[in-house]
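Worksheet: one structure, shown below.
The values are calculated or read from the model by the stated rules, or taken from the named source; none is laboratory data. Keep in mind that what you see is a predicted model, and the values were worked out from it rather than measured. Here Cβ is always computed from backbone atoms with ideal geometry, including for glycine, and neighbour counts include all displayed protein chains. Quick note on the areas: whole protein, heavy atoms, side chains included, nothing else; ligands and nucleic acids left out. Shrake-Rupley method; radii C 1.70, N 1.55, O 1.52, S 1.80 Å.
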Amino acid sequence: MTVAAPAASGNRVRRWVILSYGLGVDSTAVLLRRILDPSSRDFDLRDLVVLIAQTGNEWPQTARLVERFVFPLLRRYGIRTVQVARAGQSDAAGIVVLDDTRQPYVCHLGGAYTLGEKMIAVGTVPQVGGRRDCSIRFKGWVLDRWVLDTVGGLPYEHAVGFELGELSRMRIDLKASKMPGRTPFYPLIDWGWHREHAQAYIREHLDVEWIKSACTFCPFALTSEGGRERTIPRYIADPDQAMLPLLMEHLAVALNQRQGLAGGEQLVSMLAAEPGARPLLRQFARHLADQEWALYEVKRAFRKKEGEAMKMANAARSLVRVGVGGRAEMLDELAARARTLGKPVKRDGAHRRVWAHRKNMYFPCVEEMLTVAPALAPDKIGPGFDDAWEKGLRGPRQLQLVA
Ligand code: SF4
C-alpha cells in the first residue's frame, strides 16, 4: 500500500531520471553539479526526480542545511522532489509519500514509521556486520517501492552518489539490483571524485561545510576514529539527540550483553570518557528514571549455519515480559527470582541479570536469563524458536562456561 501526497503538477514524463538523494555530502554534490553545470548532464532538469527516503532519525542539522541551501535551488529550477518513508514494520504496510512537489520547503526528517521505533521494538541496535539491513529496509526498499509504483517498470536512469572510495558498494549495488527497467549510474565515480572533491565543490558553490548525513544512532558513525571525532561532539552540543541512541543501546545491551552501538562497543562508555558529556549523561539518567520498566525473560537458541561447520546462524529468540513496573520494583522482583532459582544476580555495568543457562562453545546450544530494562520491547517469540530451543537444550552441554 502507498499513502500518497498530492503529486507535483506538470509531471508529464519524457524520460525518467531519478537521483537517490541521501542528504549527505556525496549526493548533494551530484545534485548541485547536475543543476549548476549543464555539461554534466544530458537530460532536462524537468525530467529529474530527486527522491529522498526518510528514516525518521537524521540529525536535525541535515534538514536545516537542505532547507537553506538545496530546496531553494530545487524550487528555482522546478525540480520534482519526492520524500518517502516506510509506513510500518511489515513490508505489507507499504510506504508513505510525505511530499511530492516542484516547490519543496520542508525536509520531512520525522519520516513515518521510523528506524528508531523498529530498533526499540525489537530491542536491538543497527548492526555493522553483514548487509546494512537498516539501510536496505528503510532507504533502498522504500525508494524501490516508490519507483515500482510510479515508474511501473518503464526504463529509468538511476543516479547513486557513491564516491570513488566506495567502489565495493557500487559493485554490490550493480549485482543486487533487480528493479525492472533500471540503469544505474554513479556520477561521482564517473567524474573520478572522492568525498573531498564533493565537499570542495559544495564549499565553492554554496560556501558551506556540508555534514555527513546519518541517523543519530548510526553505528558506522561510531566505529571509525574520524566518525567518533565528528559524532561525539555533536551529542555533547545537542544532548537531546543522544537520548534515543542511549536508550536504544541500554535496552539492547540489557537484553543481549554482546550488543553496543559501535559494533559491540558501547556509546555510553565512550561518552563516560568525555568530561564534556557529564551533563548529557545526567540527562540520560533522568530519562531512564522516567521510563516504565520490565522484568524480561530472554531465551536464545544458537544453531550453526546450514552447510558451514563453524559459522553461527542468527539466534532464535524468545522475549517475554514477566513483570512491568518501576525500576526498583523490577530489581526487587529480579532478586526474588534469583533466590528461587538459586542463582546470583550478576552485575554488568548498569545492568543486572540472572542466568539460568549460559551459551557454551558448541552448537546447538542455548542461553536463558532474566534482566531488567525499560518496558519498550513487546513480547516476541521468533519464528522457529520452539524447535531451535528444543534442539539447543539437547546439544552438547559439557563445556558450560559459567554456572
Ligand atoms: S544512516 Fe546508519 S543507521 Fe541509518 S539507515 Fe544508514 S546505515 Fe542504518
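Close amide-amide hydrogen proximity is noted between Arg182 and Tyr156, each under 5 Å apart and 5 or more residues distant or on a separate chain (H modeled in the peptide plane; Pro and chain starts excluded). Sites listed here are trypsin sites (Lys or Arg not before Pro) in segment 175-234 whose DSSP assignment is loop and whose Cβ has at most 10 other Cβ atoms within 10 Å: Lys178. The angle between the Cα long axis of helix 327-341 and the main principal axis of the chain comes to about 50°, on a 0 to 90 degree scale. For the chain, give the share of DSSP beta bridges that are antiparallel, in percent and rounded to the nearest 5; count only bridges with both residues there. Within the chain, antiparallel bridges account for around 65 percent of the total.
Have a look at the DSSP beta bridges in segment 2-206 and tell me what percent are antiparallel, nearest 5. Approximately 25 percent, going by the DSSP bridge assignments. Taking the longest Cα principal axis of the chain as reference, the axis of helix 240-255 is set at about 40 degrees. Between Thr62, Thr150, Thr101, the Gaussian network model of the chain with springs among Cα atoms under 10 angstrom shows the greatest mean-square fluctuation at Thr150. In terms of its C-alpha gyration tensor, segment 178-337 comes out oblate, because a/c is 1.5 or above while a/b does not outweigh b/c.
3J(HN,Hα) along segment 89-94, derived from phi through the Karplus expression 6.51 cos²θ - 1.76 cosθ + 1.60 where θ = phi - 60°, amounts to 5, 8, 4, 4, 5, x Hz, with x in place of Gly and Pro. In this structure, the amide hydrogen of Tyr21, modeled 1.01 Å from its nitrogen in the peptide plane, lies closer than 5 angstrom to those of Leu51, Ile52, Ala53, counting only residues at least 5 positions away or on a different chain. With all protein chains kept in place, the per residue accessible area of segment 36-149 amounts to 38 square angstrom at a probe of 1.4 angstrom. Say we join alpha carbon atoms closer than 10 Å with springs in a Gaussian network model of the chain; which of Gly192, Gly392, Gly161 then has the biggest fluctuation? With Cα springs under 10 Å in the chain, the top fluctuation among Gly192, Gly392, Gly161 is at Gly192. Hey, what D do you get for segment 171-217 in µm²/s if you plug the Kirkwood alpha-carbon radius into Stokes-Einstein at 4 °C and 1.567 mPa s? Result for D is 97 µm²/s. Each residue of segment 101-107 is assigned a 3J(HN,Hα), and the resulting list reads 8, 9, 10, x, 10, 10, 8 Hz, derived from the Karplus form 6.51 cos²θ - 1.76 cosθ + 1.60 (θ = phi - 60°), x at Gly and Pro. Here the accessible area is traced with a 1.4 Å probe on the protein chains. For segment 9-91, carbon and sulfur cover 45 percent of it. Of the trypsin sites (Lys or Arg not before Pro) found in segment 286-332, those that fall in a DSSP loop while having at most 14 other beta-carbon atoms within 10 Å are Lys305, Lys311. Simple rule: put +1 on each Lys or Arg Cβ and -1 on each Asp or Glu Cβ in the chain, find the dipole, and look at Ala350, Gly323, Cys218; the Cα lying farthest toward the positive end is Gly323.
Scanning the chain for GluC sites (Glu not before Pro) in DSSP loops with at most 15 other Cβ atoms within 10 Å, what's the longest stretch left with none?
Between the exposed loop sites, the longest stretch runs 1-208.
Relative contact order of segment 219-289: what whole-number percent is it, with Cα pairs under 8 angstrom and at least 6 residues apart? For segment 219-289, the relative contact order is 31 percent.
Any chance you could give the angle, 0 to 90 degrees and rounded to 10, that helix 278-289 forms with the longest Cα principal axis of the chain? It is inclined by approximately 60 degrees. Considering only Ala373, Ala176, Ala63, the Gaussian network model of the chain with Cα springs below 10 Å gives its largest mean-square fluctuation to Ala176.
So what is log10(I(q)/I(0)) for the chain at q = 0.08 1/Å, when the Debye sum runs over its Cα atoms only? The computed values of log10 I(q)/I(0) come out as -0.51. In summary, segment 2-206 shows an alpha-carbon radius of gyration equal to 0.98 times the 2.2 N^0.38 Å reference for compact globular proteins. With contacts taken as Cα pairs under 8 Å at a separation of at least 6 residues, the chain carries a relative contact order of 14 percent.
Determine the dipole magnitude for segment 2-206: charges of +1 sit on the beta-carbon of Lys and Arg, -1 on that of Asp and Glu, nothing else is charged, the reference point is the Cα centre, and the result goes in debye to the nearest 20.
Numbers: 27 positive and 21 negative charges, 39 e Å.
Roughly 180 debye for segment 2-206.
Report, in listed order, any pair from Lys311/Lys391; Lys311/Lys346; Lys139/Lys175; Lys118/Lys304; Lys343/Lys380; Lys118/Lys346 with a Cα-Cα distance greater than 23 Å. In this structure, Lys311/Lys346; Lys118/Lys304; Lys343/Lys380; Lys118/Lys346 lie more than 23 Å apart at Cα.
Does segment 219-289 come out rounded, prolate or oblate, given a ≥ b ≥ c as the square roots of the eigenvalues of its C-alpha gyration tensor, rounded meaning a/c under 1.5 and, failing that, prolate meaning a/b above b/c? Please list the in-between numbers first.
Details: a/c = 1.86, a/b = 1.03, b/c = 1.80.
Because a/c hits 1.5 or more and a/b fails to exceed b/c, segment 219-289 counts as oblate.
Atom-type composition of the exposed protein surface of segment 293-393 places 51 percent of the accessible area on carbon and sulfur (1.4 angstrom probe). In segment 219-289, the portion of solvent-accessible area held by carbon and sulfur atoms comes to 52 percent [1.4 Å probe, whole percent, DNA, RNA and ligands not counted].
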